[in-house]
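J.: Take a look at this one; I'll ask things after.
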Amino acid sequence: MNSLVSSVIGQDLDRAARLLRTGRLVAFGTETVYGLGADATNAEAVSRVFTAKNRPQFDPLIVHVPTVDAARSVAADWPKAADQLAKAFWPGPLTLVLPKRPIIVDLVTSGLLSVGIRVPGHSPTLELLGAVELPIAAPSANPFGMVSPTTAMHVQDQLGAKIDYIFDTGPCTVGVESTVVRIEQDRVTLLRPGGVTLEQLRTVVTNIVVGADQDKAEMHSPDSPGQLPQHYSPGVRLRLGRPTNSTPRDGLMVFGKPCDDWQGPIERLSSSGDVVEAAKNLFGAMRRLAAHNVQTIFVDDIPEVGLGVAINDRLRRAVES
Ligand code: TXA
Ligand code: MG
């Protein structure tokens, strides 16, 4: 890392807001992961996001706004399900995909007629969005295909030289990305599992189509662009399950089981087997083990319940990458 060419990290809200208003790139924390933000009404600013991340333009960005009213000003339709879900989970880790208004430039949505919108549950960032008074497009602040950042330093390490400012709002508390649901009139489809669980969604909207499992078939269709099977790569081979034998070059992410005889470096996702704690630790643990120069990272089985669904989704993609 070369400090002469890297961006500045700080907590200067006015500076972050000014840069965003003038079309520059600012990374900021949310409750899920750090985002790389740009003015969603400015095509030149948005194109800088794709360039900095080396992200293909068929993968649409999520637009961040501070209030439900601001969300309604970028959505062309606001069905009852949107109202119910927004009331129940915003501010929070839920993205609603709705018909878009022309104010959001086409590059944000990869030419789709819909836009993903969310109100993040993180007060410094809500303040920033309120001060900017513009919808902010922000994908996770990592190079395309890599693990998402959960601290400002993670952003600095991977993208520091390519962006204008990193608004440091502390470590992310949820640790996996938002849940993405598409709303078409009364039909609600889960496109990506995330920080709000399916069980939680179903307490508000009973009839939810689970679309995430179809993504392999649909990944090049306009339905779920960007849900590529290869993603979240720590840059090291990752394998699901714990083998009986290990070497000093095998890393392990522990979930709920003792590990006295493991030879290599260990990261505890959760000693007590808590999926919420494991989600929070997941991406940081992957990064730290990769930095140990291990050959393979093994990860204990995580139950497919609650946030475990989002964790397993990310792990399966990391194995493929
Ligand atoms: O928690 C999060 O959602 C984080 C923080 C920064 O907000 N953002 C994030 O963005 O994870 P990103 O770009 O890494 O993932 C966004 C995903 C896309 O890959 C795409 O599948 C889906 O959201 N998406 C966005 N707009 C969409 C649209 N109009 N239709 C369908 N899917 C969409
Ligand atoms: Mg991402």
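The values are calculated or read from the model by the stated rules, or taken from the named source; none is laboratory data. For clarity, every value in this text was computed on a predicted model and none was experimentally measured. Cβ placement follows ideal geometry from the backbone for every residue including glycine, while neighbour counts extend to all protein chains displayed.
J.: Of these, Pro124, Pro143, which one is under 19 Å from the mean Cα position of the chain (by Cα), at pLDDT 95 or above and away from ligand 1 (no atom under 13 Å from the Cβ)? Can you show your working first?
T.: Values: Pro143 fails: away from ligand 1 (no atom under 13 Å from the Cβ).
Step by step, each of Pro124, Pro143 is checked, and only Pro124 is under 19 Å from the mean Cα position of the chain (by Cα), at pLDDT 95 or above and away from ligand 1 (no atom under 13 Å from the Cβ).
J.: Has the range 80-94 got any residue that is at pLDDT 95 or above, out of contact with any helix residue (DSSP H, G or I) (no Cβ under 8 Å at 6 or more places or on another chain) and near ligand 1 (Cβ under 9 Å from one of its atoms)?
T.: yes
J.: Checking Gln158 against (1) touching a residue at least 40 places away in the same chain (Cβ under 8 Å); (2) surrounded by fewer than 24 Cβ atoms within 10 Å (Cβ to Cβ), which test does it fail?
T.: Failed condition: (1).
J.: Looking only at strands (runs of 3 or more DSSP E) that fall completely inside the range 96-196, which ones have 2 or more residues that are more than 16 Å from ligand 2 (Cβ to nearest atom) and charged (D, E, K, R)?
T.: Qualifying strands (runs of 3 or more DSSP E): 179-184.
J.: Identify all residues within the range 161-204 that are among the hydroxyl-bearing types (Ser, Thr, Tyr) and either over 16 Å from the mean Cα position of the chain (by Cα) or at pLDDT below 95 (or both); write none if there are none.
T.: Across the range 161-204, the qualifying residues are Tyr165, Thr189, Thr203.
J.: To continue, here is another question. Can you tell me which residue within the range 3-18, out of those that are touching a residue at least 40 places away in the same chain (Cβ under 8 Å) and outside any loop (DSSP other than H, G, I, E, B), is surrounded by the fewest Cβ atoms within 10 Å (Cβ to Cβ)?
T.: My answer is Asp14.
J.: Restricting the range 19-36 to residues that are under 28 Å from Val276 (Cα atoms), of a type outside the set (Asp, Glu) and in a loop (DSSP other than H, G, I, E, B), which is farthest from ligand 2 (Cβ to nearest atom)?
T.: So the residue we want is Gly29.
J.: Of everything in the range 289-311, what is in contact (Cβ under 8 Å) with a residue 12 or more places away in the chain, surrounded by fewer than 17 Cβ atoms within 10 Å (Cβ to Cβ) and farther than 21 Å from Val210 by Cα? Give them in sequence order.
T.: Selection gives His292, Asn293, Gln295, Asp301.
J.: What are the residues in the range 224-254 that are buried (at least 17 other Cβ atoms within 10 Å of the Cβ) and modelled with pLDDT under 95, if any?
T.: Ser224, Pro225, Gly226, Gln227, Leu228, His231, Tyr232, Ser233, Pro234, Val236
J.: Identify the residue in the range 89-128 that is touching a Pro at 6+ places or on another chain (Cβ under 7 Å) and more than 22 Å from Val176 (Cβ to Cβ) and, among all such residues, is surrounded by the fewest Cβ atoms within 10 Å (Cβ to Cβ). Talk me through it step by step, then tell me what you get.
T.: Here is the first cut: in the range 89-128, the ones touching a Pro at 6+ places or on another chain (Cβ under 7 Å) are 91, 104, 108-110, 112-114, 116, 119-121, 126.
After this cut, where a residue has to be more than 22 Å from Val176 (Cβ to Cβ) as well, the list is 104, 108-110, 112-114.
Numbers: Ile104: 22, Val108: 26, Thr109: 22, Ser110: 16, Leu112: 17, Leu113: 11, Ser114: 21.
Among residues in the range 89-128 that are touching a Pro at 6+ places or on another chain (Cβ under 7 Å) and more than 22 Å from Val176 (Cβ to Cβ), the one surrounded by the fewest Cβ atoms within 10 Å (Cβ to Cβ) is Leu113.
J.: Suppose the filter is away from ligand 2 (no atom under 16 Å from the Cβ), under 19 Å from Thr179 (Cβ atoms), within 16 Å of the chain's Cα centre (by Cα) and at pLDDT 95 or above; does Leu61 pass it?
T.: no
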